[in-house]
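Okay, structure first, notes after.
The values are calculated or read from the model by the stated rules, or taken from the named source; none is laboratory data. These numbers were taken from a predicted model, which means no experiment stands behind them. Here the Cβ is made from the backbone with ideal geometry for all residues, glycine too, and neighbour counts use every protein chain on show. These area figures cover heavy atoms from the full protein model, side chains too; ligands, DNA and RNA do not enter into them. Shrake-Rupley method; radii C 1.70, N 1.55, O 1.52, S 1.80 Å.
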Amino acid sequence: MQDASQRPLVGIVGSAGAYGRWLQRFFRASMGLDVIGHDPADPSSVGEAELVRRADVLVFSAPIRHTGALIERYTSLAAGSEAGKLWLDVTSIKSVPVDAMLRSQAEVVGLHPMTAPPKAPTLKGRVMVVCDARLDRWRAWLDRLLFALEAECVHASPEQHDRVMALVQAMVHATHLAQAGVLKGQAAQVGDLAAVMPFRSASFEMDAAIIARILSLNPAIYEDIQFGNPHAGDVLRALGQQINRMATLVGEGSDAARAAFRDEFLHDNRAAIGEAALADGNYSYERIGYLLADLAAGQSVSVHLPDDRPGALRTLLHVFEQHAVSLSSIHSSRTPEGEVHFRIGFDDADPAALRGAIDDIVGQALGRVLHTSRV
């Protein structure tokens with residue numbers, strides 16, 4: 001009898017959701033596996049009973065608040081037939097779904113990709129938390145899955161995960177949502193965000209981007225990250241105490257208050273974080289700042305290279321050399337549709353020479369020009 005862990009049939013609970021759709025593409029394209037799924041939003045999906053019966057690997061990709069109850073229902077539907085199979089979840093909270101899966105007879109691993117579904121085909125460059133709660137015969141297959149995902153994996157218990165996520169997610173989201181509320185409240189005096197952006201610093205631009213990101217995605221996710229994490233309330237209260245203390249000192253305005261501000265918020269925090277972490281973080285900030293400066297360069301061309309082969313980028317860049325156009329920056333990125341493109345920036349390039357280079361890129365079918373700025 002063939003071992004199902006060699007080439008399992010993957011089932012996805014929530015197959016019509018954003019991550020459900022991404023996971024279907026990943027399992028099929030990157031691992032060559034067959035995938036079935038169930039989702040109330042997809043009338044063509046298989047029924048729950050069929051899904052739990054047929055799937056060798058069952059992945060729960062559902063809203064945080066519903067995942068625990070869903071797992072309980074699937075445990076009841078499986079009625080012991082899940083023994084020897086693998087159950088996974090990909091939610092942002094781990095204690096509740098992992099505990100629920102452990103009440104089944106399946107092997108159990110909790111996963112948390114630290115990103116919204118990417119435009120890329122894998123999680124390369126992203127972090128994923130792995131909680132391998134009960135794992136035996138599926139360990140080798142899980143290793144193949146993690147290798148194919150290409151994520152930077154960090155292993156943790158569900159309890160540790162949720163405590164850390166109260167800081168990494170709940171606190172960060174709350175801070176930026178509070179900033180959005182302050183911006184809204186100040187709009188009558190200074191204008192909306194678009195009116196404020198011309199005055200931006202690199203720090204404000206980064207914060208504004210995070211605010212826009214949060215408010216652009218599924219609001220239920222951000223709500224559940226706050227209300228579904230048992231440690232979020234304590235962290236938010238601690239955050240509020242820090243802000244209130246700072247506001248009190250600034251309100252007092254005395255030399256003593258300034259000294260307390262320096263000691264509590266600058267000196268003490270610097271010592272607590274440590275010199276090595278400060279140096280790494282400061283360098284990361286500078287790199288992001290340089291990237292933002294490059295992206296704000298006046299002249300730029302974005303080119304997609306459909307011929308993905310060694311030397312294709314060199315051929316593209318040679319065109320600019322032939323037209324005596326000097327490059328100031330080059331960055332790879334993805335369009336909203338997921339196409340990889342190269343954004344090439346220039347400092348005061350001759351417009352005629354730049355247009356000539358673009359005409360050659362198009363004429364020689366070296367790439368597809370997606371965007372030009374001040375060309």
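Our coupling estimate for region 73-82, obtained by passing each phi through the Karplus curve with A = 6.51, B = -1.76, C = 1.60 and θ = phi - 60°, is 5, 5, 5, 5, 5, 5, 6, x, 5, 7 Hz, Gly and Pro reported as x. Remark: region 203-296 carries a charge dipole of roughly 100 debye about the Cα centre, counting +1 on each Lys and Arg Cβ and -1 on each Asp and Glu Cβ.
Count Lys and Arg as plus one, Asp and Glu as minus one, and take only other residues whose Cβ is under 13 Å from that of Thr248; the net charge is then 0.
What is the packing order of peptides 225-238, 94-107, taking the mean over residues of other C-beta atoms within 10 Å and listing the highest first?
Those peptides, ordered most packed to least, come out 94-107, 225-238.
Note on region 231-347: with neighbouring protein chains present and a 1.4 Å probe, carbon and sulfur make up 54 percent of its accessible heavy-atom surface.
Just check region 1-160 against the gyration tensor rule for me: Cα atoms, a ≥ b ≥ c as the square roots of the eigenvalues, rounded for a/c under 1.5, and otherwise prolate or oblate depending on whether a/b exceeds b/c.
rounded
Rounded to the nearest 20, the Cβ-based charge dipole of region 1-79 about its Cα centre (Lys and Arg +1, Asp and Glu -1) stands at 180 debye.
Report the charge-dipole magnitude of the chain in Debye, nearest 20, computed about the Cα centre from +1 at each Lys and Arg Cβ and -1 at each Asp and Glu Cβ.
Values: 35 positive and 44 negative charges, 104 e Å.
It works out to roughly 500 debye.
Each Lys or Arg adds one and each Asp or Glu takes one away; over the other residues whose Cβ falls under 11 Å from the Cβ of Val130, this sums to -2. Secondary-structure-derived ellipticity at 222 nm for the chain, considering helices only, amounts to -15500 deg cm²/dmol, per-run term -39500 (n - 2.57) for DSSP H runs with n ≥ 4. Percent of C-alpha pairs per 10 Å bin in the chain, short distances first: 4, 17, 24, 22, 19, 11, 2, 0.
Cα convex hull, region 328-373: 76 Å³ per residue, rounded to a whole number. Measuring nothing but how far apart in sequence close Cα pairs (under 8 Å, 6+ apart) lie, relative to its length, region 140-260 scores a relative contact order of 33 percent.
Listed by chain and number, the aspartates and glutamates placed with their C-alpha closer than 18 angstrom to that of Lys119 are Glu150, Glu152, Asp308, Glu337, Glu339; residues fewer than eight positions away on the same chain are left out.
Show Tyr290, Tyr285 ordered by accessible area, largest first, where the area counts protein heavy atoms only and the probe is 1.4 Å. If you can, show how the numbers build up before the last one.
On the way: Tyr290 150, Tyr285 90 Å².
Final ranking, largest accessible area leading: Tyr290, Tyr285.
Per residue, how much accessible surface does the chain expose to a 1.4 Å probe? Answer in Å², no decimals.
55 Å²
Residues Ile361, Ile330, ordered by accessible area of protein heavy atoms at a 1.4 angstrom probe radius and largest first, appear as Ile330, Ile361. Peptides 185-194, 111-120 ordered by packing proxy, namely the average of other Cβ atoms within 10 Å per residue, highest first: 111-120, 185-194.
Residue separation times 0.36 nm, minus the C-alpha to C-alpha distance between Glu223 and Asp263: what's the value?
Working it through step by step, the gained length comes to 10.9 nm.
Place the peptides 159-167, 55-63, 74-82 in order of packing, highest mean first, counting for every residue the other Cβ atoms within 10 Å and averaging per peptide.
Top to bottom by mean Cβ count within 10 Å: 55-63, 159-167, 74-82.
Here the extension length gained between Arg73 and Glu152 equals 25.2 nm, from 0.36 nm per residue of separation less the Cα-Cα distance. Neighbours of Tyr222, meaning other residues whose beta-carbon lies under 15 angstrom from its beta-carbon, give a summed charge of 0 when Lys and Arg score +1 and Asp and Glu score -1.
Only Cα pairs under 8 Å and 6+ residues apart enter the sum, and on that basis the relative contact order of region 1-141 stands at 21 percent. Shown for region 76-163: the carbon plus sulfur share of the solvent-accessible area, taken with all protein chains present and a 1.4 angstrom probe, equals 52%.
Please compute one quarter of the surface area of the Cα convex hull for region 1-84 and express it in square nanometres.
For region 1-84, the mean projected area of the Cα convex hull comes to 5.7 nm².
The separation of region 54-118 from region 225-254, counted between C-alpha centres, amounts to 34 Å. A Förster distance of 56 Å, applied to the separation of the beta-carbon atoms of Gln6 and Asp255, puts the FRET efficiency at 0.20. Each of Arg137 and Met246 was given a label point 7 Å from its Cα along the Cα-to-Cβ line. The distance between the two points is 5.4 nm.
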